[in-house]
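The values are calculated or read from the model by the stated rules, or taken from the named source; none is laboratory data. Just so it is clear, the model here is predicted, and its values are computed rather than measured. Cβ placement follows ideal geometry from the backbone for every residue including glycine, while neighbour counts extend to all protein chains displayed.
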Amino acid sequence: MSFTAYTTPPPAGRREWTALAVLLLPCLLVSMDVSVLYFAVPFLTAELEPSSVQQLWILDVYGFVLAGLLITMGALGDRIGRRKLLLSGALLFGLASGVAAYAQSAEMLIAARALLGIGGATLMPSTLALIRNLFHDAKQRGKAVAIWSSAMMGGIAVGPVLSGVLLEHFWWGAVFLINAPAMVLLLVCGPLLLPEFKNPAAGRFDLPGSLLSLLAMLPMVYGIKEIARDGLAPLPLLALAAGLLAAAAFVYRQRTARHPMLDLELFRHRGFSVSVLMNLLAMFAVVGCAVFFTQYLQTVRGMSPMEAALWNLLPTLAVGGMAPAAAGLAQRMDRAYVIALGFVIAAGGFVWLSWLEPGSALWFVLVASSVYASGLVMVMSLGNELAIGLAPPERAGSASALLESGTELGGALGMAILGSIGSAVYRADMADALPAGLPSDAADAARETLAGAAAVAAELPGRAGEALLTAARSAFTDGLQTAVLGAAGVMACAAVLALALLRGLRTPGAEGQPDAAGAAGAPPPAAEPAGVKTAGTAAS
């Protein structure tokens, strides 16, 4: 009988932690670019004069392309080298940012935003996969992934604030140009600090699989977002169906291809599958409720966009230490309990928000938002760390891409489902609140959105306008209350799932031994491929 010798993985030193700081740059900027345009739209609209359709594409094309290419880029990084892909993406992201900043037409800006999406898709999976290669010790890797998760969540919140600050002093293109210095820093420091890693046994790149993944993600994200924006319609439903068919074809291709893009064996380990699901559910709640929170501050409480963005940032700053705290707790107790606790905390925050009224104190809103954000940061950081720890090092790029794809789908579903619930309640409440004699166009606008009701109320005389606005704010708050109760229910179910499916699962330990507590039939941790530079060799 022969035994495999396992050696203690080298602990990360100053070089690896400095490399992590470099990896946070693209993570922060890619997530920030999702929201950085919120304040810039009126300014670029005045200069470029896009049509309504073009304006929607300016806002959405970045997220569509990013979501569609994540799986492809994760698999490509495993084959050509993650550092090489990261640096190529940084170059493209920086150049596309310059093109976007100086765009002379709406079409040029749409194309630049699409290029930014391509660059972002190369950056996100590479950063998380390289963390898997930099930090071999389970405790250190848990802290590193927690910091990465905090940066990703923080970037979404920082985007509108940075946009507002830049627009007060510069032209609208500055919101894109800010990316360039960070990308230059990454291009300079990356080759010096980051290890190269690729899977020498990956085989040929699966081009048909890549096209199928694109044909699956793009229509699904498009369909979900359009349904969230305009309700059920033939084109979004057709897009959703086409995406699901392409997804089924993609899975079949991965099961039968000689050199598949994804190792579907990853999903045979329940820890990885459940981690992807936990991330999807967490982002479902984050994005689905963030829309209501922003509108509440601006339209119900009457804040300016900049003021609302600054207050919106406060819960994110307040929970910045929750991810490292969760990683520390997971070292002392079963992570299933910590993840379940995170979901329970999030559910409590959402239930708290269900008591929100139009005249509630600001602290009430901010504390409740901080509570649910704290719980979800705990969940996402531990979910990311578990999935990346379970993935073999040579498949870390694909595993990271799957995690990111799950969060993209979760966000789109949250916006669609929770947004639809809130809108349905708002429309039902407003049906009986409209003043008699209101023109049909104005009545339709007031019934559809709170912003539409505010615009109609501004045109009505005296008390009629005040009454309509008060009724609209009350109806919106009723919709928010119902939506957050729905989110609380999903979080409670997720806590039960986490306890049932994750209890007893661990990532490979610091001694490099296979985890006996893993799922039955789970493969042992894969060794680093021979001849491939790792964090240990990079630090020597």
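With within 30 Å of GLY342 (Cβ to Cβ) and part of a helix (DSSP H, G or I) as the only criterion, which of ILE110, ILE131 stands out?
Matching residue, one of ILE110, ILE131: ILE131.
In the range 58-72, what residues are within 13 Å of LEU115 (Cα to Cα) and more than 16 Å from the chain's Cα centre (by Cα)?
ILE58
Can we say ALA454 is in contact with a Cys (Cβ under 6 Å, 6 or more places away or on another chain) and in the same structural domain as ALA340 (by TED's automatic domain parsing)?
No; evaluated as a whole, the condition is false for this residue.
Cβ-Cβ below 9 Å, separation at least six or inter-chain, first residue in the range 73-91 and under 16 Å from LEU115 (Cβ atoms), second at pLDDT 85 or above and of a type in the set (Asp, Glu): which pairs?
Every condition considered, no pair remains.
Considering every residue within the range 255-275, establish whether at least one is more than 30 Å from ASP78 (Cβ to Cβ) and buried (at least 22 other Cβ atoms within 10 Å of the Cβ).
No, the conditions are met nowhere in the range 255-275.
Is there any pair with a first residue in the range 243-254 that is in a helix (DSSP H, G or I) and a second that is crowded, with 16+ Cβ neighbours inside 10 Å and hydroxyl-bearing (Ser, Thr, Tyr) whose Cβ atoms are under 7 Å apart and which are 6 or more apart or on different chains, and what are they?
Matching pairs, first to second residue: PHE250/SER213.
Could you say which residue among GLN295, GLN331 is among the polar types (S, T, N, Q), within 22 Å of ASN384 (Cα to Cα) and not assigned by TED's automatic domain parsing to the domain that holds GLU168?
GLN331
Restrict the check to the range 85-103 and report whether at least one residue is surrounded by fewer than 24 Cβ atoms within 10 Å (Cβ to Cβ) and not in a helix (DSSP H, G or I).
Yes - at least one qualifying residue is present in the range 85-103.
Can you find a residue that is in contact with a helix residue (DSSP H, G or I) (Cβ under 6 Å, 6 or more places away or on another chain), polar (S, T, N, Q) and closer than 13 Å to GLY375 by Cα anywhere in the range 313-330?
Checked the range 313-330: at least one residue is in contact with a helix residue (DSSP H, G or I) (Cβ under 6 Å, 6 or more places away or on another chain), polar (S, T, N, Q) and closer than 13 Å to GLY375 by Cα.
Among the residues of the range 427-462, how many are surrounded by 15 or more Cβ atoms within 10 Å (Cβ to Cβ) and acidic (Asp, Glu)?
Final tally of qualifying residues: 2.
Check the range 119-132 and report whether any residue there is within 23 Å of LEU386 (Cα to Cα) and among the basic types (Lys, Arg).
yes
Look at GLN298 and say whether it is out of contact with any Phe, Trp or Tyr (no Cβ under 9 Å at 6 or more places or on another chain) and without any contact (Cβ under 8 Å) to a residue 40 or more places away in the chain.
Yes: the conditions hold for GLN298.
Would you point out which residue out of GLY414, GLY465 is at pLDDT 80 or above and either more than 23 Å from LEU356 (Cα to Cα) or surrounded by 17 or more Cβ atoms within 10 Å (Cβ to Cβ) (or both)? If you could, list the steps in order and put the result at the bottom.
Values: GLY465 fails: at pLDDT 80 or above.
So the residue among GLY414, GLY465 that is at pLDDT 80 or above and either more than 23 Å from LEU356 (Cα to Cα) or surrounded by 17 or more Cβ atoms within 10 Å (Cβ to Cβ) (or both) is GLY414.
Quick check on LEU238: is it in a helix (DSSP H, G or I), without any contact (Cβ under 8 Å) to a residue 40 or more places away in the chain and exposed (fewer than 13 other Cβ atoms within 10 Å of the Cβ)?
yes
Might you let me know whether the range 178-190 holds any residue that is surrounded by fewer than 22 Cβ atoms within 10 Å (Cβ to Cβ), of a type in the set (S, T, N, Q) and modelled with pLDDT of 75 or more?
No.
Check LEU413, LEU402, LEU438 and return the single one that is under 17 Å from the mean Cα position of the chain (by Cα) and over 30 Å from ASP137 (Cβ atoms).
Sole residue among the options that is under 17 Å from the mean Cα position of the chain (by Cα) and over 30 Å from ASP137 (Cβ atoms): LEU413.
Kindly establish whether MET283 is modelled with pLDDT under 80, hydrophobic (A, V, I, L, M, F, W, C), surrounded by 21 or more Cβ atoms within 10 Å (Cβ to Cβ) and closer than 30 Å to PRO393 by Cα.
It is false that MET283 is modelled with pLDDT under 80, hydrophobic (A, V, I, L, M, F, W, C), surrounded by 21 or more Cβ atoms within 10 Å (Cβ to Cβ) and closer than 30 Å to PRO393 by Cα.
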